[in-house]
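Everything on this sheet refers to the single structure shown next.
The values are calculated or read from the model by the stated rules, or taken from the named source; none is laboratory data. Note that the coordinates shown come from a computational prediction; the quantities given were computed from them, not determined experimentally. Here the Cβ positions follow ideal geometry from the backbone for every residue, glycine too, while neighbour counts run over all protein chains shown.
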Amino acid sequence: MALVEHVVADAGAFLRDAALQDIGKNIYTIRDVVSEIRDKATRRRLAVLPYELRFKEPFPEYVRLGEDLCLVTEFSKKTGDYPSLSATDIQVLALTYQLEAEFVGVSHLKQEPEKVKVSSSIQHPETPLHISGFHLPSKPKLPRETVEHGHPADEPEDLEFSSFMFWRNPLPNIDYDLQELMNVLLQMGLHVLAVNGMLIREARSYILRCHGCFKTTSDMSRVFCSHCGNKTLKKVSVTVSDDGSLHMHFSRNPKVLNPRGLRYSLPSPKGGKYAINPHLTEDQRFPQLRLSRKARQKTDVFAPDYVAGVSPFAENDISSRSATLQIRDNTLGAGRRRLNPNASRKKFVKKR
């Protein structure tokens, strides 16, 4: 089997003691991956590796775009895998994308993931096939010479020839444990290798299914169900068969529908600009938390009344009340808390 030119290794390759020297020529990783490894046995193996491990950080132009928007982050949000990815996983994805752009190019990569069509059945399973009075013609068959001299789809590929074609920047994974990381790579058009060196070709497809009204949607950015309006959407793995029927694969893990924290009553709603209320409906209004005119003058260098302070190019507000209380993020009020919101908490402790 031919060696791969460039391989980006995740923590799973080191934890499983994968023989990366037999898989690729140039092995890359980031320092955060090595810092995640805690067990002594793996750290001892990292100290005496039989190959050169190259540490490389992704460039800012491949990590962030525009107003702190990460390319791979936005793509993982569209596939629905972003909540399961850590910051280190995002860096590994960005490094893989960077190496593909440096040595191959990005023209063949996808900018949008493929959406699953929920109503994609070609023929209803209850449709009668043989009805008296109707003639259903058979499908036309290809000439025998075309099939013999052509390239059928079931013909196995020559891995030695296609190793340069398909194995440019694969990423060894922990078999099939890190499905989210593997799914984002395959959806983008990058290639993934298992720890045994086998090429992974199939990616999982996900939809959102409401466990209240049992409606499904392929829009992975939704939080509330478009049919019943409840926050009861769960990610479900699906496969589409040859006849177009959709098969959903449910998890047997009881923690998927964990009711922990839902037995407490809702906290009383609070008003004001800095109130933190749970996000219960899709059209719920929240305060915009905009800066006051005086606060904007402190950070706007082009304002006529701007007074140069310690840093004339200050962009982040760190002195206002909202910045001090760290409530500038709009996602703080979204969702239910695990603790009882009505429980009394000690605010002041009497000093002795």
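What the table below lists for this structure:
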item	result
Residue match in segment 231-246 (condition: surrounded by 14 or more Cβ atoms within 10 Å (Cβ to Cβ), of a type in the set (S, T, N, Q), modelled with pLDDT of 85 or more and assigned to a strand (DSSP E or B))	yes
Among (1) at pLDDT below 90; (2) out of contact with any Leu (no Cβ under 9 Å at 6 or more places or on another chain), the one test that residue 228 misses	(1)
So residue 331, is it outside the structural domain of residue 231 (by TED's automatic domain parsing), at pLDDT below 65, among the hydroxyl-bearing types (Ser, Thr, Tyr) and under 26 Å from the mean Cα position of the chain (by Cα)	yes
Options 5, 57, 67, 61: the member that is at pLDDT below 90 and either under 20 Å from residue 196 (Cβ atoms) or crowded, with 20+ Cβ neighbours inside 10 Å (or both)	5
Matching residues in segment 11-43 - criterion: being small (Gly, Ala, Ser), under 18 Å from residue 194 (Cβ atoms) and more than 25 Å from the chain's Cα centre (by Cα)	19, 24
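A quick yes/no check of all residues on (1) among the polar types (S, T, N, Q); (2) touching a residue at least 60 places away in the same chain (Cβ under 8 Å); (3) exposed (fewer than 13 other Cβ atoms within 10 Å of the Cβ):
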| position | (1), (2), (3) |
| --- | --- |
| 15 | no, yes, no |
| 22 | no, yes, yes |
| 27 | no, no, no |
| 30 | no, yes, no |
| 45 | no, no, no |
| 53 | no, no, no |
